[in-house]
Structures are given as structure tokens and as C-alpha cells.
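Input: a single structure, listed below in C-alpha cells.
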Amino acid sequence: TTATVLAQSIVQEGAKAVAAGMNPMDLKRGIDKAVDAIVAELKANARKVTRNDEIAQVGAISANGDVE
């Protein structure tokens, strides 16, 4: 999934940065700031879904259009 690919990339790039001399705590703080910014942006762009047809649409999109 997308989350797995992103996590793998963060680990790989983080390991490279630490190997190149970056302070691991600075790296962690940077990742934390990035996560906070991304969560805020997602919340700002979120739309409340309450009706069954809207929920079904979200499910269909998540399943690549497979409605079964």
C-alpha cells in the first residue's frame, strides 16, 4: 500500500541521512514536523461523509472501483 511505500522510503532516506552525519534527533524532529503539516493539510481538505451512498463511494474508490 501507499503507507508501506512511504514508510520504507522514510526509513531508507533517514538511514542515509544519519550515515552522512545527521543527528538522529534532528531527523526525528523533522519527520514529526512534516507529519504535523501533512495531517493539518489533510484535515483542511477533508470532507465529512455521512450518507450511505457517500460511504459506499469512498469504499469503491479505496477498492479501485470494485463494488463487490
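Here, each number is a calculation from the coordinates, and none is a lab measurement. Since the model is a prediction, treat every value here as computed from it, not as a measurement. Backbone-built Cβ (ideal geometry, glycine too); neighbour counts: all protein chains shown.
Scanning the stretch 43-68 for residues that are surrounded by 10 or more Cβ atoms within 10 Å (Cβ to Cβ), hydrophobic (A, V, I, L, M, F, W, C) and closer than 22 Å to residue 1 by Cα turns up 55, 56, 58, 60, 63. Reported count of residues in the stretch 22-51, each being over 20 Å from residue 8 (Cα atoms) and assigned to a loop (DSSP other than H, G, I, E, B), is 6.
Residue 11: farther than 30 Å from residue 68 by Cα, in contact with a Pro (Cβ under 9 Å, 6 or more places away or on another chain), in a helix (DSSP H, G or I) and without any contact (Cβ under 8 Å) to a residue 12 or more places away in the chain, yes or no?
no
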